Structure formats: structure tokens, C-alpha cells
Amino acid sequence: MSERERHVPVLLQQAIQFLNVRPGGVYVDATLGYAGHASAIARLVGADGKLICFDRDPAAMAQAKERLAALGHELGTAMPEVVFHDVEFSRAAELLEPGSVDGLLADFGASSMHFDEAQRGFSFQADGPLDMRMNPREGLTAAQVVNQFGEKELADLIYEFGEERRSRRIARAIVRARPITTTAELARVVAAAAPAMKSERHFIHPATRTFQALRIYVNAELEEIDALLDAAPGLLKTRGRLVVISFHSLEDRRAKDALREGAQRGVYEVLTRKPVTAEAEETDRNPRARSAKLRAAERRAGERVMGKG
């Protein structure tokens, strides 16, 4: 399977539709990944347009640059200007001019690249070191959290960020089993401490929520999302679009609340009364799309604001 086949952008056509990509516009892909969404934007925005890309993962950024360089060779003079920022998207307000953006897209959470590469430590599907950092150049690893945090602290973060009701039982088992250094070890410990859960259509591995919680904590994902959603109104032009794709309730709740609050303040017109989800054809082709929810809003005319101030 090729890189292009493995890294399929979720809700691609819907995201492009709600972004309302126009030739000559300025668009931000806040979560570049393998540049699937960015490539589609580049094809539409044209030579007079501008594409601004954020990703704090150096490996993802390197692959995306290669893909966009190849697209540049294909499009020739029709390729827009592309600007790369290899930092957290929470810094968008520092790096972009107020009121300069026609569309901002964010595809939250880890990408398929993270889960596919065992050495990154995001998945229990293949054994690897407990790392989970999107930016491996800084911050605590998941192994440090698992092996150094107290039992109560572990239980609290597993409950808060994994929405795991059995967090205390799992934390107790983790502390008793330490040291834990690999994804497979951690998955075994969690599975032994808590039975498998059953969802509507498929069984969920008992370690799923614990791994989610550790990943969110290690990467400060919710703080990152809050910072971007807070900055978005000030970055968008009048009639500029914000499109966000989330993969679990903690992300989607933030997006829903930010758009609703923006509408109440007269900043946004919400374009999605209910979240847009993938059709069966897409979920069959790309199982990751099953949990994806897209929400979108358009910046209304009015006073220019930065964040909620």
C-alpha cells in the first residue's frame, strides 16, 4: 500500500465545500499531516492564492513538503504560494495577520501516520516505545507519565481525557505493574484490569480510552484546540470560513461550544446545524472516518476581534 493510499484525508470533499475555496484566496491548514486536505486546497486556490500550513511533527512536515513539492511540479505556474510553520497551531495568532484568512481548516487529533508507525508509540496494534509525542523534540513522553505519576494523578487524567469510567482500577494496575516501557506492555496491563467494552457496532479494545487519554495529555491537545478556536475569529476575513474536524466528544464539544458562542456574540454564522459525518462509502474505504464530525462557520461582518476579548 502506498503512502497516498495509507493516509486518506477524512471528509475531504465536505471540508473543501464548507471552506468555499476560491481562486486567489488565503487558506490555512492548521493540521497539515500528509497534506491531503492541503493538496486539494492548492489545486483550487491557484497561482494568486496562498496556502499556510502548520504542523508540529517534524516527520509529518517533511513528508508533506515532499508531497506538495511534487504537486508543485504537476501544477507548474498554477501552484499557489505555500508557507510552512513547523510549530503548534496554537501559535497561529502570533504568526498570521489579523483578518487575513479566507478559510481555516483544522483536522484535530493524531493522524494515521502516527498510528501506523510503531516507533511513535501511539498505538497498541504494534509494539513500540511509549512515546506518543507529536513533536518528539520536546515534552514528557507517555512512558514518563505512566511510570512517574502518582496513582490518583493517573486515574484523574485517564478519566478526564479518556472518559474512562474504570480509571481508578486501571491506574492501580498500572502502578503495580511499573515499570512499563512499551505499548504492548501497557495494553496488556489495561486489558487485564478492565473487561472489553462493546459499542453499537464493534468491540472496543479495553486500552483504547487509556491510550487516548495519555496522547491528549502528553500533547496538550485540548489546550491547543482551545487556543486555535479562540484565535480564529480574529484571523478570518469577513465571510471567511472556519472548518473543524473532530474525532471524539472532547474535541467536538469544544468546536460546538466555540461556534455556538461565536454565533451568540454575532461573530459567526454557523453553517452546520448538526455535525457532518462520513457516508458509508467513505467509512468502508477509510474506517477512521467513522468517528469524524465536521463543523463549520462563516465570519460575520463587524468589529474585528482577537479571541474572545
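Every test in (1) closer than 29 Å to GLY139 by Cα; (2) at pLDDT 95 or above; (3) hydrophobic (A, V, I, L, M, F, W, C) is passed by ALA59 save one, and that test is (2). Cβ separations smaller than 6 Å between residues 6+ apart or across chains give the following pairs from segment 26-54 residues that are touching a residue at least 60 places away in the same chain (Cβ under 8 Å) and more than 21 Å from ALA232 (Cα to Cα) to residues that are assigned to a loop (DSSP other than H, G, I, E, B) and of a type outside the set (Val, Ile, Thr): TYR34/HIS7.
Listed by first and then second residue, the pairs with beta-carbon distance under 8 Å, at least 6 apart or on different chains, first residue in segment 295-306 and modelled with pLDDT under 95 and of a type in the set (A, V, I, L, M), second loosely packed, with under 14 Cβ neighbours inside 10 Å and not in a loop (DSSP other than H, G, I, E, B), are ALA301/THR238; ALA301/ARG239. The C-beta contact set for segment 80-109 (first residue within 17 Å of ALA64 (Cβ to Cβ) and in contact (Cβ under 8 Å) with a residue 12 or more places away in the chain, second residue among the basic types (Lys, Arg) and part of a loop (DSSP other than H, G, I, E, B), distance under 8 angstrom, 6+ apart or interchain) comprises ASP86/ARG56; VAL87/ARG56; GLU88/ARG56; PHE89/ARG56. Residues that are assigned to a strand (DSSP E or B) and either outside the structural domain of ALA289 (by TED's automatic domain parsing) or within 17 Å of the chain's Cα centre (by Cα) (or both) are absent from segment 64-81.
Please work out if SER100 is of a type in the set (S, T, N, Q), surrounded by fewer than 22 Cβ atoms within 10 Å (Cβ to Cβ) and under 17 Å from the mean Cα position of the chain (by Cα). For SER100, the condition - of a type in the set (S, T, N, Q), surrounded by fewer than 22 Cβ atoms within 10 Å (Cβ to Cβ) and under 17 Å from the mean Cα position of the chain (by Cα) - is not met. Within the span defined as segment 274-281, one or more residues are modelled with pLDDT under 90, part of a helix (DSSP H, G or I) and at negative phi.
Return yes when GLU251 is within 21 Å of the chain's Cα centre (by Cα) and of a type in the set (D, E, K, R) and no when it is not.
The answer is yes for GLU251.
Taking segment 260-283 as the range and being crowded, with 18+ Cβ neighbours inside 10 Å and under 17 Å from the mean Cα position of the chain (by Cα) as the test, the residues that pass are VAL276, ALA278.
The values are calculated or read from the model by the stated rules, or taken from the named source; none is laboratory data. Treat the numbers as computed from the prediction; the structure is a model and nothing was measured. Because the Cβ atoms are built from the backbone with ideal geometry, glycine has one as well, and the counts that use them run over all protein chains shown.
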